[in-house]
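Visitor: Pasting in a structure now, in structure tokens, and then I'll have a few things to ask.
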Amino acid sequence: MRDIVEVVPGPLKVALAGLILLSALLLGGYLMSALRSRRLARQRHELLQDVGLLQAALLPPVPASIGSVAVSVAYRPSDGPGAGGDFYDAVALPGGRAGFVLGDVSGHGREALSHTAFMRHTLRAYLEAGLEPRVALQVADRVAGAHLGGDFATAIIAVHDPKQGTLTYAAAGHPAPIVLGESGHDPVIATSSPPIGWNLPTGLRQTTIPLAAGSRAFLYTDGLEEAPTGHGELLGRDRLTEIAADCGPDASAAEILDRVVSEASEARDDMAACLIIPAAEVTSHAVRSEQLELFGADTDADLLTGFLAGCGVPALEAARARAQAATQVRLRGGALVTVHLGDDETRVEVLPRDIESIEAASRRPTLAALDG
């Protein structure tokens, strides 16, 4: 080896030495880069674990039964970095009723967690204060702007009444529940209310359906129906309904969510779900009703026309309802239009909007504390 080195010309020795040094530097840089990448990956994993634990702390434990319904909830974070804004809650209400809150705050990360906590606690407090779902959304929208910092939230609030055997719900930019069993129906999506924080009137629509033994309601965030299944397609509400039905009447929310995940090519968004199953003794003679609140805006006529058409109200009955609503808006500043969808007939009821009760609700001590 020494003989070979001795016959190598001097300039070439210098070049070889430089090449060896460069190789050593490159190898060292590669090793440092690999170590740095491993360290960053470990730190990212630890951060995601910390954020996941924090988010789990914001999702409260829900008892297996509340009032006269069995309840199950499930949550799955997205595959991406940072915590998402999905949330749920359930609370026992007076009279054996059960209240449910489920929603999704835009954004990810620690700021989204703060907004998520605010929305969950706010909506729960409004339910506990005795507000019906649509009014709770209206009042929440009034105080959300100062807290969401430019983000927005979709939400659904539902209340089950075992004495009436009904589920009353209102949504703000959020999917309607999937109702399975005897009470299964297609939701009226005409004039759906926008999300909280869009600076648009929301909480204008409310639905009451019979929900007794033999039926169940599946509340979920849009991450389920928007899960990609490959070839550029999304799961969709129709397929989600099929999955929920195929899982059977004894399935839990977690089992339905697992089926969704198994069909999805990836989890781009968080997924949260709540399944409500009435007990065997719950009966109902109620009919489904759809409500729209008008507040004297220029868009009232178009809203009401689309709403009545979506409910399948006959033309003559719709014309009468529009005239009555216009009178109430002119005299009282607003109107509450309810369509009762019976098996034999569709009946429309027009009442004055109770503006005073909404303003009074906003000033209740429980709500004023949240606003401040």
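Bear in mind that the values in this text are calculations on the coordinates, not laboratory data. Since the structure is predicted, the reported quantities are computational estimates derived from the model, not experimental observations. Cβ: placed from backbone, ideal geometry, glycine included. Neighbour counts: every protein chain shown.
Visitor: Rounded to whole Å and sorted largest first, list the principal axis extents of the Cα atoms in the stretch 288-360.
Guide: Projected onto the principal axes, the Cα atoms of the stretch 288-360 cover 37, 23, 16 Å.
Visitor: Between A323 and T283, what is the spin-label point distance in nm, taking each point 7 Å from the Cα along the Cα→C-beta axis?
Guide: 4.1 nm
Visitor: So if we plug the beta-carbon distance of T229 and S106 into 1/(1 + (r/R0)^6) with R0 = 35 Å, what FRET efficiency do we get, rounded to 0.05?
Guide: The formula returns an efficiency of 0.90 here.
Visitor: If R₀ is 25 angstrom, what is the calculated FRET efficiency for the pair N199 and D302, using the beta carbon separation as r and rounding to 0.05? Don't skip to the end; give the middle numbers.
Guide: Working: r = 19 Å, r/R0 = 0.76.
Efficiency at R0 = 25 Å is approximately 0.85.
Visitor: Within 10 Å, count the other beta carbons around each residue, average over each peptide in 190-197, 272-279, and list them highest first.
Guide: Per-residue Cβ counts within 10 Å, averaged per peptide and sorted highest first, yield 272-279, 190-197.
Visitor: Now for a different question. If you stretched the chain out fully between E266 and H121, how much longer would it get, using 0.36 nm times the residue separation minus the C-alpha to C-alpha distance? Intermediate results must be reported in sequence, preceding the final value.
Guide: Working: separation 145, 0.36 × 145 = 52.20 nm, distance 3.04 nm.
Here the segment from E266 to H121 would lengthen by 49.2 nm.
Visitor: Would you work out the charge dipole size for the stretch 61-284 about its Cα centre, treating the Cβ of every Lys and Arg as +1 and the Cβ of every Asp and Glu as -1, and quote it to the nearest 20 debye? Kindly include the intermediate steps, with their values, before the conclusion.
Guide: Details: 14 positive and 27 negative charges, 159 e Å.
So the dipole magnitude of the stretch 61-284 works out to roughly 760 debye.
Visitor: List every residue whose amide H lies under 5 Å from the amide H of G109, counting only residues 5 or more places away in sequence or on a different chain, with H placed 1.01 Å from N in the peptide plane.
Guide: Amide H to amide H, under 5 Å and 5 or more residues apart or across chains, G109 pairs with A83, G84.
Visitor: To continue, here is another question. Testing the spin-label approximation: label points 7 Å from Cα along Cα→Cβ at K163 and R330. State their distance in nm.
Guide: Once both label points are built, they end up 3.9 nm from each other.
Visitor: From the alpha carbon gyration tensor of the stretch 61-284, can you work out the equivalent ellipsoid semi-axes (sqrt of 5 times each eigenvalue) and give them in Å, largest to smallest? Don't jump to the answer; show the numbers that get you there.
Guide: Values: eigenvalues 119, 103, 47 Å².
Equivalent ellipsoid of the stretch 61-284: 24, 23, 15 Å, largest first.
Visitor: Out of every Cα pair in the stretch 85-217, what percent are spaced more than 18 Å from each other?
Guide: Numbers: 4477 of 8778 pairs.
Of all Cα-Cα distances in the stretch 85-217, 51 percent exceed 18 Å.
Visitor: Work out the FRET efficiency for D186 and D246 from their Cβ-Cβ distance, taking R0 = 22 Å, and round it to the nearest 0.05. If you can, show how the numbers build up before the last one.
Guide: Details: r = 19 Å, r/R0 = 0.85.
Working from the Cβ atoms, E equals 0.75.
Visitor: A further question follows. Which value in nm describes the separation of the simple spin-label points at A92 and R38, placed 7 Å from the Cα toward the beta carbon?
Guide: Result: 5.4 nm between the two label points.
Visitor: While we're here: Classify the stretch 125-169: rounded, prolate or oblate, from the alpha-carbon gyration tensor (a ≥ b ≥ c, eigenvalue square roots; a/c under 1.5 rounded; otherwise prolate if a/b is larger than b/c)? Don't skip to the end; give the middle numbers.
Guide: Values: a/c = 3.88, a/b = 2.45, b/c = 1.58.
It comes out prolate by the Cα gyration axes.
Visitor: Please report, to two decimal places, log10 I(q)/I(0) for the stretch 187-285 at q = 0.11, 0.12, 0.18 Å⁻¹ as given by the Debye formula with identical point scatterers on the Cα atoms and no solvent.
Guide: Reported log10 I(q)/I(0), two decimals: -0.43, -0.51, -0.99.
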